[in-house]
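Report on the structure given below.
A short reminder: the numbers here are calculations on the coordinates, not readings from a lab. As the structure is a prediction and not an experimental result, all values here were calculated from the model. For neighbour counting, all protein chains shown are included, and Cβ atoms are generated from backbone atoms with ideal geometry for every residue, glycine included.
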Amino acid sequence: MKRILTAIAMLLCVAASAQTAEEFKEKYARQVKNTGAAGVGVETILDNWIEAYPQDCDAWEGRFAYYWAKSRRVEVISSSDAKYLGNKPMLSLKDSLGNPVNYFEEPFFDEEYFAQASQSIDQAIKLAPLALEYRFDKINALIDYEKDSPDMASTELLNLIDQNYSSHPAWTLRGETVKPEDFESAIQEYCYTLYNKGTANGYDSFRIISERMSKIQPSNPDWLANIGAYYQVAKKDYKKATKYYKKALKLNPQHFAANRNLKIMEKQKNK
């Protein structure tokens with residue numbers, strides 16, 4: 001009986017290794033579509049895929065997605081705030097006195113599964129250091145995981161910025177060449193995400209990254225406008241905010257955000 005089971009196991013291994021990497025990828029995609037990223041059967045496919053093709057970054061990204069989904073759960077919390085961690089409420093009601101009660105989804109994480117997800121995406125980054133999708137996977141996960149205090153995500157972004165402008169790597173994103181303006185747009189999107197959290201640490205990360213980019217690109221008014229927004233919203237320091245907006249307008253008199261925010265501050269001052 002033992003010999004029979006051993007033979008069956010060997011046949012299964014041979015069958016698994018006979019599949020191409022693309023066939024594993026298609027099988028994985030079908031299973032995720034049917035059962036979810038952490039659904040029944042997904043882990044087995046990923047294990048066989050990685051065993052057969054340990055250098056396949058897509059397999060490691062799939063394992064990252066599996067453990068990420070396993071690590072994350074969502075709970076509903078209530079607050080009187082209009083936004084929580086940058087998100088609008090999933091439901092808004094009023095209490096007996098007519099005061100607003102808003103309900104938000106907040107993520108919580110299993111540390112062990114999160115660690116396994118991190119190790120998996122780090123392996124993909126190690127195998128394909130110029131593929132930005134895996135770096136973005138990691139940063140996105142950290143932003144969600146850290147919630148109101150995105151310190152590790154901010155560090156990853158700063159390291160990515162330093163690497164980009166010191167060695168000018170030939171980045172790709174899903175197989176496509178990344179142009180310099182595309183990289184800048186991605187960093188600006190992350191700045192917006194950090195700013196939109198509406199927390200002290202989120203604002204600080206937004207400012208630090210914007211200052212780093214402004215130092216690298218002193219002729220780009222967008223980063224100066226970002227810094228102005230930090231002082232306007234996070235610090236209520238309208239004098240400093242005005243200084244940065246005016247610096248941005250010297251570079252581009254038509255800069256939309258700088259012009260708009262100066263008008264907003266002027267209206268607030270008149271009131």
May I ask you to list pairs of residues, at least six apart or on different chains, whose Cβ atoms are under 6 Å apart, with the first in region 19-42 being surrounded by 12 or more Cβ atoms within 10 Å (Cβ to Cβ) and the second being not in a helix (DSSP H, G or I)? Ala21/Tyr53; Ala21/Asp56; Gln31/Gly41
When you check Ser154 against the structure, is it out of contact with any helix residue (DSSP H, G or I) (no Cβ under 8 Å at 6 or more places or on another chain) and not β-branched (Val, Ile, Thr), yes or no? no
If we take region 211-271, then helices (runs of 4 or more DSSP H) inside it with 3 or more residues that are within 20 Å of Ala200 (Cβ to Cβ) and of a type outside the set (S, T, N, Q) are 221-229, 238-251
Any hit, region 169-183, residues being in contact with a Lys or Arg (Cβ under 9 Å, 6 or more places away or on another chain), in a loop (DSSP other than H, G, I, E, B) and basic (Lys, Arg): no
Which residue is surrounded by the fewest Cβ atoms within 10 Å (Cβ to Cβ), if the candidates are limited to region 189-217 and must be closer than 18 Å to Gly86 by Cα and among the polar types (S, T, N, Q)? Asn196
Report, ordered by the first and then the second residue, all pairs with beta carbons closer than 7 Å, sequence separation of six or more or different chains, a first member in region 72-86 that is over 19 Å from Asn196 (Cβ atoms), and a second member that is not in a strand (DSSP E or B). Ser80/Asn99
Taking region 144-172 as the search range and keeping residues that are surrounded by 14 or more Cβ atoms within 10 Å (Cβ to Cβ) and small (Gly, Ala, Ser), which one is nearest to Gly86 (Cα to Cα)? Ser149
